[in-house]
Amino acid sequence: MNRNGRLMAKIGAALALIVLAEILIDDGNGAVVGGFAFAWITALLLTRRGIWNDGSARLALFAGAGLAAVLVDDPSFLGWVLFWTAVSLAALLPRHRFDDALAWARRLGWHAMSAVVAPFKDAARLSMVRQRRGPSARSGLSSRCP
């Protein structure tokens, strides 16, 4: 899959998770919160190829799955923070080796802060890709129809 296809898959997965969260997580029911956590793990597995090849990332994702099961049983703030930490580690470990706790605390903190602006950066990148392709790629039909 090319780079633009991976970006579109990530955008699609993020939008699906947002829609699922809007539909399901209204009452805070444990099965719903845990189900959303499992959906998040699934989206991460489908969009991050590095997790399949990295044993540490897979271990962090399995820990996240265990914590998602905990969220099904008893949703709590601590359970959610531990789940988020495990999923963040699974997403970051294919890029970085575990070196020391302070470096990882910085990475996880940066991950939490940058998650707010990441959708805007992705939208800017997508618009740049569309601008490079030109007006014929925007319509999508001009190159396919006779």
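The values are calculated or read from the model by the stated rules, or taken from the named source; none is laboratory data. Everything numeric here is computed off the predicted structure, so don't read it as measured data. Don't worry about glycine lacking a Cβ; one is built from the backbone with ideal geometry, like all the others, and counts go over all protein chains shown.
The table below lists the values:
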| read-out | value |
| --- | --- |
| Residue check for Val87: part of a helix (DSSP H, G or I), under 15 Å from the mean Cα position of the chain (by Cα) and more than 13 Å from Ala37 (Cβ to Cβ) | no |
| Hits in segment 36-64 (condition: under 27 Å from Gly5 (Cα atoms) and small (Gly, Ala, Ser)) | Ala37, Ala39, Ala43, Gly50, Gly55, Ser56, Ala57, Ala60, Gly64 |
| Long-range neighbours under 8 Å by Cβ, at least six apart or interchain, first residue more than 22 Å from Leu46 (Cα to Cα) within segment 88-102, second at pLDDT 75 or above and of a type in the set (Ser, Thr, Tyr) | Phe98/Ser56 |
| Of the criteria (1) modelled with pLDDT of 85 or more; (2) in contact with a Ser or Thr (Cβ under 7 Å, 6 or more places away or on another chain); (3) of a type outside the set (A, V, I, L, M), which one Gly64 fails | (2) |
| Per-region count, segment 61-89, residues of a type in the set (Asp, Glu) and in contact with a His (Cβ under 7 Å, 6 or more places away or on another chain) | 0 |
| Candidate set: segment 100-109, residues that are surrounded by 10 or more Cβ atoms within 10 Å (Cβ to Cβ) and over 15 Å from the mean Cα position of the chain (by Cα); chosen: the one modelled with the lowest pLDDT | Trp104 |
| Every residue from segment 73-90 that is among the hydrophobic types (A, V, I, L, M, F, W, C) and surrounded by fewer than 19 Cβ atoms within 10 Å (Cβ to Cβ) | Phe77, Leu78, Trp80, Val81, Leu82, Trp84 |
| Residue match in segment 119-132 (condition: at pLDDT below 80 and under 27 Å from Leu46 (Cα atoms)) | no |
| Every residue from segment 2-60 that is modelled with pLDDT of 80 or more, of a type in the set (S, T, N, Q) and surrounded by 13 or more Cβ atoms within 10 Å (Cβ to Cβ) | Thr42, Thr47, Ser56 |
